[in-house]
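> Sharing a structure here in structure tokens format.
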Amino acid sequence: MLNNEKELLDEISRGDMTAFGTLMKRYSQGVYTLVVRIVGDDCDAEELAQDVFMKVYKQLRNFSGRSTFSTWLYRIAYNAAISHTRRKRQTSIPLDERRLASIDEDDVERMEADTSERNLEALAAAIEQLEPQDRALVTLHYYENRPIAECAEIIEQSIGNTKVRLHRIRKKLYLLITHSKEETEQ
């Protein structure tokens, strides 16, 4: 069995479908998770993930090695899922920019530290209300544990912009969770 990714990619480029199956096994769960977080529908995500791997197989010769293979793969998955959501025109909840700016970072950190079941459920619901690009970034950084530099490369933004987006997303989640808890208490 081939463990070295370069060897695996070389075998695939020579037409070894078993090696491609190994590659799919290695990355299919991560690709599916990213795609389903963006599109929000299991059936669409399964189909898109399959399309991503077909595209990867067809375009493997274009992989230049300037980034890691996984970064290149996740970029293809990210772009496919974002394109899909644009076609479907999913709506997200707009948030007041002034409210975001006024949120105290300590409040956000306290909310993040709360691991109660109620808070985790509220967090999951809040993530679903984010725009697809924001859900993707949350998935890549927090669920897939990808470093900010790799996230930036996948979403094709600078590291600085990615850090700012993650900071704003955390505040959006705080607002959404706070709003949800206020509605529940009424």
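> Of the residues M24, M17, only one is among the aliphatic types (A, V, I, L, M) and free of Cβ contacts under 8 Å to residues at least 12 places away in the same chain; which? Walk me through it before giving the result.
Values: M24 fails: free of Cβ contacts under 8 Å to residues at least 12 places away in the same chain.
That would be M17, the only listed residue that is among the aliphatic types (A, V, I, L, M) and free of Cβ contacts under 8 Å to residues at least 12 places away in the same chain.
> Could I ask something else about it? Does T162 qualify as being hydroxyl-bearing (S, T, Y), part of a loop (DSSP other than H, G, I, E, B) and either in contact with a Cys (Cβ under 8 Å, 6 or more places away or on another chain) or more than 19 Å from L100 (Cβ to Cβ) (or both)? Show your work before the answer.
Values: hydroxyl-bearing (S, T, Y): yes; part of a loop (DSSP other than H, G, I, E, B): no; either in contact with a Cys (Cβ under 8 Å, 6 or more places away or on another chain) or more than 19 Å from L100 (Cβ to Cβ) (or both): yes.
The answer is no for T162.
> While we're on this one: Filtering segment 121-155 down to residues that are part of a loop (DSSP other than H, G, I, E, B) and modelled with pLDDT of 90 or more, which residue is surrounded by the most Cβ atoms within 10 Å (Cβ to Cβ)?
Of the residues in segment 121-155, the ones part of a loop (DSSP other than H, G, I, E, B) are 130-131, 144-147.
Pick out the ones that are also modelled with pLDDT of 90 or more and you get 145-147.
Working: N145: 8, R146: 21, P147: 11.
Among residues in segment 121-155 that are part of a loop (DSSP other than H, G, I, E, B) and modelled with pLDDT of 90 or more, the one surrounded by the most Cβ atoms within 10 Å (Cβ to Cβ) is R146.
> Among the numbered criteria (1) in contact (Cβ under 8 Å) with a residue 12 or more places away in the chain; (2) in a helix (DSSP H, G or I); (3) over 23 Å from A124 (Cα atoms), which single criterion is violated by S67?
For S67, the exception is condition (2).
> Now, a different point. Kindly list, by first and then second residue, each pair from a residue in segment 159-172 that is farther than 15 Å from A149 by Cα to a residue that is open to solvent by 30 Å² or more (accessible area, probe 1.4 Å), limited to pairs with Cβ atoms under 8 Å and residues at least 6 apart or on different chains.
R170/E112; K172/L95
The values are calculated or read from the model by the stated rules, or taken from the named source; none is laboratory data. The shown structure was predicted, so the numbers you read here are calculated from the model rather than taken from an experiment. We place every Cβ from the backbone using ideal geometry, glycine too, and count neighbours over all the protein chains shown. Side chains are part of the model used for accessible areas, which takes the heavy atoms of the whole protein and leaves out ligands, DNA and RNA. Shrake-Rupley method; radii C 1.70, N 1.55, O 1.52, S 1.80 Å.
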